[in-house]
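Notes follow the structure.
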Amino acid sequence: MDRAFADRKTEEAVRAGIRALATVEDCSAAWPVRPIGNAWSRKYYDGDFHLFEPPPPPPSRPAVSLVFVHTKDGNTGADNPGDLGGGPTDLHLIYEGLSRVAANGVLAGASTVGRTVFFTVWHPELVSLRRELGLPRHPAQIVVSNDGRIDLDSMVFNEPEVPVFMLAGAGCRTKHAAEFLRRPWVTVVPTDASGLGGALARLRADHGIERVSAVGGRTIATALIDQWLVQDLYLTTSAIDGGEPNTPFYCGKQPPKYATIVRKTETGTDQPIKFEHLALT
Ligand SMILES: NC(=O)c1ccc[n+]([C@@H]2O[C@H](COP(=O)([O-])OP(=O)(O)OC[C@H]3O[C@@H](n4cnc5c(N)ncnc54)[C@H](OP(=O)(O)O)[C@@H]3O)[C@@H](O)[C@H]2O)c1
């Protein structure tokens, strides 16, 4: 891991003005969830964070949680994600924080993998919580592409100590075969016309990936929802309108139904973000 990058990300997380959330509604007792947290996270999250745990027997695929921030008018697209108004509480407590602290892997669609992106936790309290949960420092990086519109120079593909799983269609496999071969830490998991379920099952069966944090964008999120591969959603709603118009996190034909696990609101600001942990029903 590039030391300067890691130091900068850690410094930003420590210095960010994270504000505490306050619980508005808590229905977690009604759901199969596992509480996790430490004193720091409980202070800022206002209690335990919940991991959705499908009841036994264990399913053949990983548990997949979606994570999104959208504007008050429901947009998720933006060249600069900061323009969506999630602010430091969403970025450092939820997004690069609790939503992935217990994940074996973070999954993103090809268009969401920028050059200087690396999907992990940075705040020392979250690094410590991840260690307490018995997990390696960084989650595996999972990228999905059919046709190979990916940037192999992205940091995601170039940290030899962190496994990468490339969920790749035939076009992507052909286009980048040589580049994948040059990176033995990249495992190509073929996808096929039947969807992403088979590739996710391989991640669990062959590579021990039991919990995935899926960070979008909306195209891959819609595919995962339409294929019934998502259990729950960590959704932040900012206090502002904006973003790229007509970019809801679900852009398919059958919007899913949700039930509330918890709802929270940010404190200490007159423009609070709202946070919801929702089960897909
Ligand atoms: N607000 C948020 O929380 C949030 C989160 C993430 C991203 N974003 C924003 O959303 C935008 C990107 O979203 P997006 O919808 O354009 O792109 P995306 O979902 O990140 O990626 C789309 C690409 O993923 C691959 N893909 C998608 N569905 C697939 C499937 N079923 N099977 C195989 N591959 C599949 C394809 O890659 P190939 O073309 O290579 O085949 C496709 O072009 C950016 O502006 C980003 O900043 C926002």
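FYI, it's all coordinate maths here, none of it is from the lab. Note that the structure is predicted; figures quoted are calculated from it, not measured. FYI the Cβ positions are ideal-geometry reconstructions off the backbone, even for glycines, and counts take in every protein chain you see.
Points to keep in mind about this one:
- The equivalent ellipsoid of segment 13-133 has semi-axes of 23, 19, 16 Å, largest first, where each one is the square root of 5 times an eigenvalue of the Cα gyration tensor.
- Pairwise Cα inverse-distance average, inverted: Kirkwood Rh of segment 242-281 (Å): 12.6
- Of all DSSP beta bridges in segment 25-175, antiparallel share, percent nearest 5: 30
- Integer Hz, Karplus 6.51/-1.76/1.60 couplings in order for segment 253-258, x for Gly and Pro: 9, 10, x, x, 9, 10
- Summing Lys and Arg as +1 and Asp and Glu as -1 over all other residues whose Cβ lies under 14 Å from the Cβ of Asp26 gives a net charge of -1.
- Within the chain, the percentage of alpha carbon pairs spaced more than 34 angstrom apart rounds to 14%.
- The DSSP beta bridges internal to segment 144-207 are antiparallel in roughly 10% of cases.
- Gained length - Ala78 relative to Arg34, 0.36 nm times residue gap less alpha-carbon distance: 12.6 nm
- Normalised by the number of residues in the chain, the mean separation of alpha-carbon contacts (under 8 Å, six or more apart) gives a relative contact order of 28 percent.
- Lysine pairs with alpha-carbon atoms under 30 Å apart, segment 3-280, spacing 8 or more or separate chains: 15
- Exposure proxy shown here: for Leu135, Leu229, Leu21, the number of other Cβ atoms within 10 Å sets the order, fewest to most, as Leu135, Leu229, Leu21.
- Fraction of antiparallel bridges per DSSP, the chain only, in percent to nearest 5: 45
- Calculated FRET efficiency, Asp206 to Thr23, Cβ-Cβ distance, R0 = 30 Å: about 0.15 to the nearest 0.05.
- Expected 222 nm ellipticity per residue - DSSP helices of 4 or more, -39500 (n - 2.57), all of the chain, to 500: -6000 deg cm²/dmol
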